[in-house]
Amino acid sequence: MTTRSPHTVNEVMTSTVVAVGLDAQFKEIVSVMRQWQVSAVPVIEGEGKVVGVVSEADLLPKEELRDTAPMMIEQQRRLADYAKAGALSARELMSSPAITVPATATLPMAAHLMARHRIKRLPVVDETGTLKGIVSRGDLLKIFLRRDDELADEIRHDVIDRLFPVSRRSIHVEVSKGAVTLTGTVRDPALVPVAARLTQAVEGVVDVNCLLTSPITGPAGAASAAPEEAGTAR
């Protein structure tokens, strides 16, 4: 059985993306950002290979440092900012190499890159580094808009049916606003935390309340349940 999660960047990215060339001038870049209402643009060369990114942070030093007469020590401390304050083209302004993400990357991978580099969006590229789209923080959150019935169906088929081929008919999956509740009786108690973990890993799940139980016998309350048949998730 094919597992439908995890989803990839290709499924949530914006395919229509504005970019500038290496020779794009300062005023042109500002105009493009304003027109498209974005805070950063990829810089491309040739047939669309991403070589850098110009963000608002790269442009602001020109205004911030316009009338300053800093001491030499201040110039040394902010050498990159002073260089960008005098830059005129994307070639001089861009941050390079660009932090990009492949279209085949999972959403957690993209989120990790954004968090690690403290950026709001990533150019999406193919195996040759050619620009294919852009993915933002907002795009990554789209996955939480999945319908409850869609989530329940995926959990039923990709978690419950695989983990509990014998007990699956006694297990109920309820989803409300992305929060999942699992109830019912299973034969193997060791698989209960596995079910909770795999359910939480389904893209779009907000929370998991795992109430699965198993038959308990014996003087010490030890579980004496027969293991589930073949089909346990790997």
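Only one entry in Gly133, Gly184 is closer than 30 Å to Gly52 by Cβ and in contact (Cβ under 8 Å) with a residue 12 or more places away in the chain, namely Gly133.
Residues checked against (1) more than 27 Å from Pro102 (Cα to Cα); (2) more than 20 Å from the chain's Cα centre (by Cα); (3) modelled with pLDDT under 95:
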| residue | (1), (2), (3) |
| --- | --- |
| Gly133 | no, no, no |
| Lys142 | no, no, yes |
| Val180 | yes, yes, no |
| Arg197 | no, no, no |
| Val202 | no, no, yes |
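Here is a check on your reading of the model: is Thr106 loosely packed, with under 13 Cβ neighbours inside 10 Å, among the hydroxyl-bearing types (Ser, Thr, Tyr), farther than 19 Å from Val18 by Cβ and not assigned by TED's automatic domain parsing to the domain that holds Val180? No: the conditions fail for Thr106. If you go through segment 157-170 and keep only what is surrounded by fewer than 20 Cβ atoms within 10 Å (Cβ to Cβ) and not in a helix (DSSP H, G or I), you end up with Pro165, Val166. One residue alone among Gly86, Gly46 is surrounded by fewer than 14 Cβ atoms within 10 Å (Cβ to Cβ), over 27 Å from the mean Cα position of the chain (by Cα) and modelled with pLDDT of 90 or more, and that residue is Gly46. Count of segment 175-214 residues, restricted to those that are closer than 19 Å to Ile143 by Cα, surrounded by 14 or more Cβ atoms within 10 Å (Cβ to Cβ) and touching a helix residue (DSSP H, G or I) at 6+ places or on another chain (Cβ under 8 Å), is 10.
Scanning segment 3-49 for residues that are closer than 16 Å to Gly138 by Cβ, in contact (Cβ under 8 Å) with a residue 12 or more places away in the chain and in a helix (DSSP H, G or I) turns up Val9, Val12, Trp36.
Scanning segment 93-131 for residues that are small (Gly, Ala, Ser) and over 15 Å from the mean Cα position of the chain (by Cα) returns Ser95, Ser96, Ala98, Gly129.
The values are calculated or read from the model by the stated rules, or taken from the named source; none is laboratory data. Please read all numbers here as calculations on a predicted model, not as lab measurements. Because the Cβ atoms are built from the backbone with ideal geometry, glycine has one as well, and the counts that use them run over all protein chains shown.
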